[in-house]
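Worksheet for the structure shown next.
The values are calculated or read from the model by the stated rules, or taken from the named source; none is laboratory data. Since we're looking at a predicted model, the values are computed, not measured. Quick reminder, even Gly has a Cβ in these numbers, built from the backbone with ideal geometry, and neighbours come from all protein chains shown. Ligands, DNA and RNA are stripped out before the accessible areas are found, and what is left, the full protein with its side chains, is counted by its heavy atoms. Shrake-Rupley method; radii C 1.70, N 1.55, O 1.52, S 1.80 Å.
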Amino acid sequence: MAVIKALRMGHPILGQVAASVDPLPSRELELLVDDLWDTMRALDGAGLAAPQVGVSLRVVVFEVADNPRYPDAETVPPTVLVNPHIEPLGERMESGWEACLSIPGMCGRVPRFQHIRYRGFSAEGESIEREVSGFHARVVQHECDHLNGLLYPQRIPELRDFGFSEEIEAWGS
Ligand code: NI
């Protein structure tokens, strides 16, 4: 088990466009995915992208099941997505609160496409294609942004909707 200290906003790797991965099973990919799961679960995250553990490759993991950070969120199956591609289905956007393990203690309200199709490969090289909406779609969009050097504050239209999670939970928004 390897829990890696997540890189924090301001680290240059988080601003880079990550490189595509050969979508074939490999020992390197397996080790990276293990580190992503271990780190994400140790920090109660809903998802984690490889750049957050210092690896600038197009790999993300996500899972939502009984997460204390997201008590009301719908379940999202544990998924490894290599070289993901997102296609919005329709124009409808939805605003919702997001947090990120690279920006500890903060949260912000971010518009995301409500309904998307995503494609990619599993760590075993099998192709994945899903149509999802709501929180599942939000998590995938957030994680895939990391692969293009984007963090959620860059998506907040109104900076008033950005602050410390404890304050926002205590005082509402
Ligand atoms: Ni994040």
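Structure notes:
- The number of residues in segment 39-54 being over 18 Å from Y152 (Cβ atoms) and either open to solvent by less than 10 Å² (accessible area, probe 1.4 Å) or part of a loop (DSSP other than H, G, I, E, B) (or both) comes to 2.
- In segment 150-172, the residue that is surrounded by the fewest Cβ atoms within 10 Å (Cβ to Cβ) out of those that are more than 12 Å from the ligand (Cβ to nearest atom) and closer than 22 Å to H11 by Cα is L159.
- Tabulated pairs, segment 52-70, first touching a residue at least 60 places away in the same chain (Cβ under 8 Å), second of a type in the set (D, E, K, R) and within 14 Å of the ligand (Cβ to nearest atom), C-beta under 7 angstrom, 6+ apart or interchain: V60/E143; F62/E143
- Condition check for I128: open to solvent by less than 50 Å² (accessible area, probe 1.4 Å), part of a helix (DSSP H, G or I) and of a type in the set (A, V, I, L, M): no
- Residues that are polar (S, T, N, Q) and either more than 13 Å from G47 (Cα to Cα) or away from the ligand (no atom under 11 Å from the Cβ) (or both), drawn from segment 90-106: S95
- Of all residues in segment 55-111, those that are open to solvent by less than 40 Å² (accessible area, probe 1.4 Å), assigned to a strand (DSSP E or B) and farther than 25 Å from E28 by Cβ total 9.
- P23 being modelled with pLDDT under 95, open to solvent by 20 Å² or more (accessible area, probe 1.4 Å) and either within 20 Å of E124 (Cβ to Cβ) or in a strand (DSSP E or B) (or both): yes
- Yes/no for L24 being within 13 Å of the ligand (Cβ to nearest atom) and either farther than 14 Å from E143 by Cβ or touching a strand residue (DSSP E or B) at 6+ places or on another chain (Cβ under 9 Å) (or both): no
- Condition check for I128: in contact with a Pro (Cβ under 8 Å, 6 or more places away or on another chain) and either polar (S, T, N, Q) or modelled with pLDDT of 95 or more (or both): no
- Just one residue in the set E91, E98, E126, E143 is closer than 23 Å to D38 by Cα and free of Cβ contacts under 8 Å to residues at least 24 places away in the same chain; that residue is E126.
- As for segment 30-38, it holds at least one residue that is over 30 Å from E169 (Cα atoms), of a type in the set (A, V, I, L, M, F, W, C), away from the ligand (no atom under 16 Å from the Cβ) and open to solvent by less than 30 Å² (accessible area, probe 1.4 Å).
- Residues located in segment 112-125, provided they are surrounded by fewer than 19 Cβ atoms within 10 Å (Cβ to Cβ) and under 30 Å from R27 (Cα atoms): R117, R119, S122, E124, G125
Conditions tested, residue by residue: (1) more than 15 Å from the chain's Cα centre (by Cα); (2) at pLDDT 95 or above; (3) away from the ligand (no atom under 15 Å from the Cβ); (4) over 23 Å from E126 (Cβ atoms).
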| position | (1), (2), (3), (4) |
| --- | --- |
| L7 | no, yes, no, yes |
| L14 | no, yes, no, yes |
| A19 | yes, yes, yes, no |
| A50 | no, yes, no, no |
| G54 | no, yes, no, yes |
| Y70 | no, no, no, yes |
| G108 | no, yes, no, yes |
